[in-house]
Amino acid sequence: MTKWWMVRAGDNNELIPVWKQQGIVSIGWPQLGNPQKYASKELLSAKANTVYEEEKPQSRSSWVNQVWRFSHEIQVGDRVLSYSKEKREYIIGTVTQPHFYDETIGNPNYPNTLKVNWETSTVDRDLLPQAAKNSLGSVLTVFRVDQWGGELEQLLKNPTTQAPQPVDTDDEVIEDLISKAFVMIEDKVDKLDPWQMQDLVGALLQAMKYNVRISPKGPDGGIDILAYKDAFGFEKPIIKVQVKHRKSSASAPEVQQLLGANPLEAHCLFVSTGGFTSHAEAVAKHNSVKLVDLEQLVQLIVQWYEDMPNDARALLPLQKMYVPE
């Protein structure tokens, strides 16, 4: 199957005239040098950590992935496309020569280069279905778009044919974005150590306007956190919390241990990122213990995130994203 690649034409879409004139496609990051000189992506990452040490680790990782993808994964015969903002159209071509590094061809700030035979025909963006527009609109410089290859080829052959517009496509895309965002947050939370997880749950309760007392490292008697409505802990409700951060499910005896821990009259909250056994769920239901798994924890964190203390937000840095209603 032919692979399809989207390649952004510079920061301001300025590279397309050069690409078409010289029969190339190119990307930047010249500070990394020639990626062909690195035997592995890990060695290229080490170089990026040096030359981009002031940038965020996530940004460095993304840049390395894109340079490696462009220089090692795109092959002769693959199809590439790029978007012209001025003309609102996609140019499409076929790779004819593998990656080479040359600062004298095209723009010197974009020395990673492939030879491309560009088609004379283009594809009008307005003819694409909304799902394709959303997919092709990623901010990444280099990414695969195989799922739209057939659609693009058809529009190249018959540019007057408008693709059918599925109903509620925008809603589906937004739902997919939200779902992916929650999964990414779950992965971040899952990487915290047990003590960081304990602090995160305590911070969540603080965001809910509770005063919290977090147990120090060591034996906790079945309670990791106590939460009160008043500063002294006199006013009810009092919540006692057990936090288990591990792959295995929390068991019924562990729920029983929380129930039996002092203060006996307190409400019980059990947080387990590994979930709960069916027996544990039965015991919890019978004794009015509130159970929270990883998915539910992330939903609560997203809901209360802006009210959480700064030190807790530093454990789990998140940024707000706006989507159309």
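Looking at this structure, is V292 hydrophobic (A, V, I, L, M, F, W, C) and closer than 15 Å to S249 by Cα? In short, yes.
Scanning segment 69-122 for residues that are assigned to a loop (DSSP other than H, G, I, E, B) and hydrophobic (A, V, I, L, M, F, W, C) turns up I74, V76, I105.
Considering (1) at pLDDT below 90; (2) in a loop (DSSP other than H, G, I, E, B), the lone condition that A132 does not fulfil carries the number (2). Just give me the residues in segment 99-118 being more than 32 Å from the chain's Cα centre (by Cα) and either surrounded by 15 or more Cβ atoms within 10 Å (Cβ to Cβ) or of a type in the set (S, T, N, Q) (or both), in sequence order. Hits for segment 99-118 are T104, I105, G106, N117, W118.
Can E254 be described as touching a helix residue (DSSP H, G or I) at 6+ places or on another chain (Cβ under 9 Å), assigned to a helix (DSSP H, G or I), free of Cβ contacts under 8 Å to residues at least 12 places away in the same chain and surrounded by 13 or more Cβ atoms within 10 Å (Cβ to Cβ)? Taking the combined requirement at face value, the residue does not satisfy it. Among residues of segment 117-140 that are closer than 17 Å to K157 by Cα, those with a Cβ under 7 angstrom from a residue that is part of a strand (DSSP E or B) and among the polar types (S, T, N, Q), sequence gap 6+ or separate chain, pair up as N117/T94; N117/T96.
Within segment 1-15, being assigned to a loop (DSSP other than H, G, I, E, B), crowded, with 20+ Cβ neighbours inside 10 Å and either touching a helix residue (DSSP H, G or I) at 6+ places or on another chain (Cβ under 8 Å) or at pLDDT below 80 (or both) holds for one residue alone: A9.
The helices (runs of 4 or more DSSP H) falling completely within segment 258-325 that include 2 or more residues that are at pLDDT 90 or above, surrounded by 12 or more Cβ atoms within 10 Å (Cβ to Cβ) and not aliphatic (A, V, I, L, M) map to 278-286, 294-304. For segment 279-325, the tally of residues that are of a type in the set (A, V, I, L, M, F, W, C), under 17 Å from the mean Cα position of the chain (by Cα) and more than 19 Å from D187 (Cα to Cα) stands at 1.
Pairs are defined by a Cβ separation below 9 Å, a sequence spacing of at least 6 or placement on different chains, a first member in segment 49-60 that is exposed (fewer than 14 other Cβ atoms within 10 Å of the Cβ), and a second member that is hydroxyl-bearing (S, T, Y); the pairs so defined are S59/Y52.
Being within 21 Å of R144 (Cβ to Cβ) and in contact with a Lys or Arg (Cβ under 8 Å, 6 or more places away or on another chain) is a property that W19 lacks. A residue that is of a type outside the set (S, T, N, Q), over 20 Å from the mean Cα position of the chain (by Cα) and modelled with pLDDT of 90 or more occurs nowhere in segment 158-177.
Restricting segment 142-152 to residues that are touching a residue at least 12 places away in the same chain (Cβ under 8 Å) and of a type outside the set (A, V, I, L, M) leaves a set whose member that is surrounded by the fewest Cβ atoms within 10 Å (Cβ to Cβ) is Q147.
The values are calculated or read from the model by the stated rules, or taken from the named source; none is laboratory data. The structure displayed is predicted, hence computed values, not measured ones. Positions of Cβ are backbone-derived with ideal geometry, glycine not excepted, and every protein chain shown enters the neighbour counts.
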